[in-house]
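Report on the structure given below.
The values are calculated or read from the model by the stated rules, or taken from the named source; none is laboratory data. Keep in mind that this is a model prediction, so the values were computed, not measured. Every residue, glycine as well, gets a Cβ built from its backbone with ideal geometry; the counts of neighbours run over all protein chains shown.
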Amino acid sequence: MAVDRYFFIMIFAASVLIGGFLVARPEAAEASIPPYLWLLGCMLIFEMIAFLRGRGAPGTMIGMSTRVIGFAIGMAIVLAIVFFTGSPARLF
């Protein structure tokens, strides 16, 4: 399976976990680190693991368009979970 597919699986899982956490603890959205940076942190960890695992070889890293699309999808999932559960958490 290509590294892009693993990236999208990770984005989906991280977004569901972040959204669930914000529903369970809405006050966490007011922390010093906003929730969208949590998702960027997950992306950073994935990038580091992919780079170290493939030793930076061509084809082992994801492209910038995949990163942007993944972040947009991830934030849409988090927003949908928070919105449709009626949680008072503010994300921005």
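Computed values, structure above
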{"item": "Residue under evaluation ALA80, criteria (1) surrounded by 13 or more Cβ atoms within 10 Å (Cβ to Cβ); (2) in contact (Cβ under 8 Å) with a residue 60 or more places away in the chain, criterion not met", "result": "(1)"}
{"item": "One residue from MET61, MET10 being surrounded by 13 or more Cβ atoms within 10 Å (Cβ to Cβ), modelled with pLDDT of 95 or more and out of contact with any strand residue (DSSP E or B) (no Cβ under 6 Å at 6 or more places or on another chain)", "result": "MET10"}
{"item": "Test for GLU30: is it loosely packed, with under 11 Cβ neighbours inside 10 Å and touching a residue at least 12 places away in the same chain (Cβ under 8 Å)", "result": "yes"}
